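Novice: Before anything else, here's the structure in question.
The values are calculated or read from the model by the stated rules, or taken from the named source; none is laboratory data. Note that the structure is a prediction, hence the values are computed from the model and not measured. Neighbour counts run over all protein chains shown; Cβ positions are idealised from the backbone, glycine included. Surface areas here come from the heavy atoms of the whole protein model, side chains and all, with no ligands, DNA or RNA. Shrake-Rupley method; radii C 1.70, N 1.55, O 1.52, S 1.80 Å.
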Amino acid sequence: MWQKVILGLVLVTFVGLQFVNSLTCYTCNTPQSCQRPSQEVCSDYTANKTSSWLSSIHSDVPQIKHSDKFKCVNLTYALNSNNVITNEYLGCYHPAINVCNLRLNISYTVMRRNCKTCDWDLCNRNPAGTFSSSTYTILASIVGLLFAAKSNLGI
């Protein structure tokens, strides 16, 4: 009986930690630095840093001072004529800002934008190559069910 209680507590703790921990995103602000991005825990400070960078090439970035939740963004800008990446940014942002639909300043209108957003840890570098937090939750649930089944069978 106690094994099941302990197993249940371990599963609840494992799943609960995902909701308690802050979001962590990759961060960089040039094509060169984005080849080896660092990591940052999202906060109002980091999201405001993103807003400031966005304001340098967009004309309609709303100023948000505080958010309770954050998202990660991967923005790449390339020249239409030759596909050379001229601007790149990875980081945290306020979800109230629609980062993928901001209007470019007139000097950047010859650019092609690639924009991806996500809301799990370290998802903004190569989303196809990462596990989402829900994948870990599913794996933990399967392991928990296997342990529970094993203890019921007396193995």
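Novice: Tell me, what is the per residue accessible area of the range 26-86 in Å², probe radius 1.4 Å?
Specialist: Result: 57 Å² of accessible area for each residue.
Novice: Percent of accessible area on the range 74-117 owned by carbon and sulfur, 1.4 Å probe?
Specialist: Within the range 74-117, the accessible surface is 48 percent carbon and sulfur.
Novice: Which of the chymotrypsin sites (Phe, Trp or Tyr not before Pro) across the range 36-118 are loop residues per DSSP, with 16 or fewer other Cβ within 10 Å?
Specialist: Here no chymotrypsin sites (Phe, Trp or Tyr not before Pro) fit, given the DSSP loop and packing criteria.
Novice: Also, quick follow-up: Over every pair of different alpha-carbon atoms in the range 45-99, take the mean of 1/r and invert it; report that Kirkwood radius in Å.
Specialist: 11.9 Å
Novice: Taking 0.36 nm per residue of sequence separation and subtracting the Cα-Cα distance, how much length would be gained by fully extending the chain between Ile64 and Asn101, in nm to one decimal?
Specialist: Stretched out fully, the Ile64 to Asn101 stretch lengthens by 11.7 nm.
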